[in-house]
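A short worksheet on the structure shown next.
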Amino acid sequence: MPDPQSTADGHVQSLDWRRYVRQHLRLPKVTSEREIAIVDEVSQLLEEAYLEARKEGLPQAAAERRAQQHIQAWEELQRDLEQSESRHQRAVGTRLQDRLNDLGSSRGGGWQALASVVLDLRFAQRSLRKAPTFTLMVVLLLALGVGANIAILSVSRAVLMADLPYDDPGRLVAIWQDLENRDVRNYPSAPGDLVDYRQLGAFEQVAGMFSFDHSIIGDDQTASKLRVVQVTTNFAETLGFTAHRGRMFGDEDGAPRANQAVTTEQPLRAVLSYQLWRDRFGAREDLIGDIVRFGAGPAEIIGILPRDFKLLLNPSTGYGESVDALLPYRVNWDEAPRTSWFLATVARLAPGVSEAEAKTQLKGVEAQWWVDFPVNRNAGTRIRMVSLHDDLVESIRPALLTLSAAALLVLLVASINVSGIVLVRVARRLQELSIRSALGGERSRLLRLLLTESIVLALLASIVATLAAGFGLRFLLERVPDELPQLAPIAIDGSLALVTIMICLVCSALATLVPALRVTGTARLGLLFSRGALSANGGGKVLSGLVITQVALSLLLLVGAGLMSRSMASLLAADLGFDPQKTLTLETAIPGSRYDTPEKRRALHAELRREFESLPGVSAVSSIEELPLSGSAHQGPYGTERELADGDEGDLRQATWRRIATGYFETARTQFLEGRDFARADSERPPREDPVVIVDSVLARKSWPDSSAVGQKLFIKNQTPPIWAEVVGVVQQQRHERPFGDEQEAIYFPGLTNGTRMDWLLRTDAEPQQLANAVRKKALAIDPEITIDAVEPFSAIVSRSRAASSFLTTLIGLFSLLATILALCGLWGVIAQTVRKRHRELGLRLALGASRLRVLVDVLVRGLTLVAAGLVVGLILAVPTSRLIESQLIGVGRGDLTTYFGAAVLFLAIATLACLGPASLAARLDPAITLRQDE
Amino acid sequence: MFSPELKKGGKELLVLSLLDECDRHGYDIGKLIEERSAGRLVFQISSLYPTLSRLENRGWISGRWVEKAGERRRRFYRLTKKGRAGLRETTANWHEYISAMQQVLEPSHA
């Protein structure tokens, strides 16, 4: 009976109803917040009843009794309230479930199935919510693997498998020449060669093209650079497209003119790109037929290219995707030259002709050339035909395939990891599962529960992955090197994403099903409460196997990353033969129509140079036809008296040709090994008068291995007839084509007065980019019709040339990091699980006097044994797998032992750290507690 | 078949129909049940409170503490939109139940 409370003045007060309720009502299963609210209201109701009784005139004690009679069965109230509260907590799911159950029992069939699926889903959701860390971990791991795959595969598919944006693109091929005896690939054809190709039945059309820079001059007299491609008049028919406005070229546009001069009466004929038409001429419809001013003279606009037109040729040949204007190549095909090779050639196979058939026909042409032309026989010319698409992706394909393989490895490691985690979880829930199974829970239902759980996980991961892939793709595309042709806009490929997600679902389901089948199958066989059930069923072995596989696969990636990093390091350390630091580069083009003699061009050149030199902070200025690492160079055959001794030109070699101004090597900081630089007189002499050249160390060594090159004569077929030039200097080799690998020897000629465009180098005292505006101003002050382009530090050109390698290195590095983290997570999990399983045993050993260090080492050894096994498998697998990246490696062999063992040792070191966590836990076990558990 | 919760539903129905008239506090609801049944239905806090709590958790009624000047602090309940729909359904069920009972107890003389 509750005690009435007395106040200080002796007046008897009513019962403290709140305290009274608290004493009687126990609600352990209700949140404390709700409990307070319930006690609050119930005590208020009792107090109300008490007060009413008092109002009726009952004495205090009787009034209290009346109120107390309202609640006699407190346990019943407790049960009622707890039921109502728990229903509230899962109200949403329950009501859906109730609905479905109702529908299921009234209508049966599909509704019943749906009801049970929803029930499973709710169980899964509840059990996953109970283990948020687990859920988060699995979802993130899987998402990383799936996301990386979706991103990489989307790019690969868009690039490697998309159709070219031309009509019937399957019939388009590129025809190049390889000069076997001179180590030259992808050499263009001579106009005369095209005549031979065209006579074959294999081709419907054969088109040639060559690109050069031009300028266009606006009404404000300023010029801007134009990327012009001069094409044979059947260019559009060959590729299969029509003009957006106006017309493409016809035969009459390609007829040679008696008088070469370009005048308003005899203008150039041009087709402009859609973008140029829109941006420069406001998409004027009446532009067709108008004359516009090109740097080379007036040009009549006859058509506009389709809006999305792209020129898609092998990027290594120097043809970019964007074209500003097309001009017709004028030639008399009956007298087409045979000895100047400059036409990149694209052909359309005749209907029904296979590539193999065309190749056979080209073999015939090749054989005929070897008979007819010594030049082809000497160079070892091979005609190589390749589908236009393959030609386009030639340089990027190995990189993409490598990356796809790496991404797949990551997915594999992630899936294995997830299956490991699910397995450990199954083992932990073994007791629950065993009880359910023993209590008559159907086996199929238990399996379904586990399966639903892992599928929910995989689905969650897929959602995260698809988002991650979006970001991943943006990351990729921002860093992608120029070699990646954009055939189609690259986006997440829906069907690929779906396939990847399906794979992920299937993997997760299998990873759960296999161990779960073993567990539920034996759960009734007396193993009911045994914690060792998993290992008794070989689950322990399965786990170990998974860890070994993960370690092995991660090591593969780590070795790949190691090889790529070493290759990148040697790329960065490679001597370029010049110093790109603190050097500003720019490109100028002058209107050829006004500077139409070598004298005029020379004067302008000298003036520009003087102005640039006068800029504060500029210490040296020079110029070259085409800067190293920035584009395709002219090249051609050369030899010494020795090669020509037999009167045959068969032994001629191929060299890169560069025309340079005086002081070029000094400005570029290229070392002179012998002899002297060009003098001004060298460039001002007519080209055939006492010609002199400078050669690089490679050429000098090849030509005169035993004597000095200076003073020697070199036979060069750079003009007709060929010249004999005297070597006046030898410089160290400059990297012209690429910053690594084989590089053709170079011959430098004095003077830059042949063309209208040239590249400048300005060595500066400070940050080169600061001078950009001043340089531009200086040049335009001399002549506003000079176009200035590509004003950038030399170092920017150099890093562009390394972009593909650094892109690949970064990505493979990222992937291997990912895989290593995944493998370590897996390792940690397994060791932790082992420690948990061996709690009793370890506790017992500690109780029997084993030292803690001994236990620590024991657990560590168990973990590292797994790692070591994985590493051995990984090392063995790495040897053949490294073939995949072999073509991407620079300065390091794919069998580089240092990298292999470095990667293995690194992995072992991190793995030791990962094992130390659970191992130290084991060593800190309290035997008193562990032994009491499970009793 | 009628829901086995019909009995519980009876109590709920009473509470809901009283709240359908106007907002009331818990004790007031109990007293009204007693008064209107002329004391035949005895109101007990032990059964009233779980009913209120259940209905509130279900979102059919909503309660809030009100402190009026010169009056005690009380929890007032109001019928929600969902509760009004629930009331209609429960009433219909109840009528059906009663008529079924009647048909059994006083079979029609066909």
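Just one of the listed residues (A:S316, A:S340) is under 30 Å from A:P637 (Cα atoms), modelled with pLDDT under 85 and open to solvent by 60 Å² or more (accessible area, probe 1.4 Å), namely A:S316.
Scanning the stretch A:145-194 for residues that are in a helix (DSSP H, G or I) and not acidic (D, E) yields a total of 24. For the stretch A:517-533, indicate whether the set of residues that are at pLDDT 65 or above, within 30 Å of A:T834 (Cβ to Cβ) and either among the acidic types (D, E) or open to solvent by less than 30 Å² (accessible area, probe 1.4 Å) (or both) is non-empty. Checked the stretch A:517-533: no residue is at pLDDT 65 or above, within 30 Å of A:T834 (Cβ to Cβ) and either among the acidic types (D, E) or open to solvent by less than 30 Å² (accessible area, probe 1.4 Å) (or both).
Within the stretch A:235-257, residues that are in contact (Cβ under 8 Å) with a residue 40 or more places away in the chain and under 27 Å from A:S387 (Cβ atoms) sit with their Cβ atoms under 7 Å from residues that are polar (S, T, N, Q) and surrounded by fewer than 17 Cβ atoms within 10 Å (Cβ to Cβ), at 6+ positions apart or across chains, in these pairs: A:M248/A:T242.
Of the helices (runs of 4 or more DSSP H) entirely within the stretch A:11-91, those holding at least 1 residues that are facing chain B (nearest Cβ under 8 Å) and under 21 Å from B:R64 (Cα atoms) occupy A:32-55, A:74-89.
Taken across the stretch A:816-834, residues that are farther than 30 Å from A:A143 by Cβ, assigned to a helix (DSSP H, G or I) and touching a residue at least 12 places away in the same chain (Cβ under 8 Å) do not occur at all.
Entry remark, the stretch B:20-69: residues being within 16 Å of A:L45 (Cβ to Cβ), more than 12 Å from every other protein chain (Cβ to nearest Cβ) and either open to solvent by 40 Å² or more (accessible area, probe 1.4 Å) or in a helix (DSSP H, G or I) (or both) number 2 in total.
Taking the stated definitions as given, is A:S683 crowded, with 19+ Cβ neighbours inside 10 Å and not in a loop (DSSP other than H, G, I, E, B)? Yes: the conditions hold for A:S683. The test for being surrounded by 14 or more Cβ atoms within 10 Å (Cβ to Cβ) and at pLDDT 85 or above holds for A:A878. For the stretch B:70-105, filtering for residues that are open to solvent by less than 20 Å² (accessible area, probe 1.4 Å) and either within 11 Å of chain A (Cβ to nearest Cβ) or closer than 17 Å to A:D40 by Cα (or both) leaves 1. A single member of A:A465, A:A406, A:A438 is at pLDDT below 85 and crowded, with 23+ Cβ neighbours inside 10 Å, and it is A:A465.
Considered as a group, the residues in the stretch A:578-597 that are over 22 Å from A:T656 (Cα atoms) and in contact with a Pro (Cβ under 9 Å, 6 or more places away or on another chain) include one that is surrounded by the most Cβ atoms within 10 Å (Cβ to Cβ), and that residue is A:L584. Just one of the listed residues (A:R448, A:R425, A:R474) is under 30 Å from A:Y319 (Cα atoms), basic (K, R), in a helix (DSSP H, G or I) and at pLDDT 65 or above, and it is A:R474.
Residue-by-condition table, conditions (1) under 29 Å from A:I797 (Cβ atoms); (2) among the hydrophobic types (A, V, I, L, M, F, W, C):
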{"position": "A:Y664", "(1), (2)": "yes, no"}
{"position": "A:A679", "(1), (2)": "yes, yes"}
{"position": "A:E684", "(1), (2)": "no, no"}
{"position": "A:V698", "(1), (2)": "yes, yes"}
{"position": "A:S703", "(1), (2)": "no, no"}
{"position": "A:F715", "(1), (2)": "no, yes"}
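The values are calculated or read from the model by the stated rules, or taken from the named source; none is laboratory data. Just so we're clear, the structure is a prediction, and the values are computed from it rather than from any experiment. With ideal geometry, Cβ positions are generated from the backbone for all residues, glycine too; neighbour counts draw on all protein chains shown. These area figures cover heavy atoms from the full protein model, side chains too; ligands, DNA and RNA do not enter into them. Shrake-Rupley method; radii C 1.70, N 1.55, O 1.52, S 1.80 Å.
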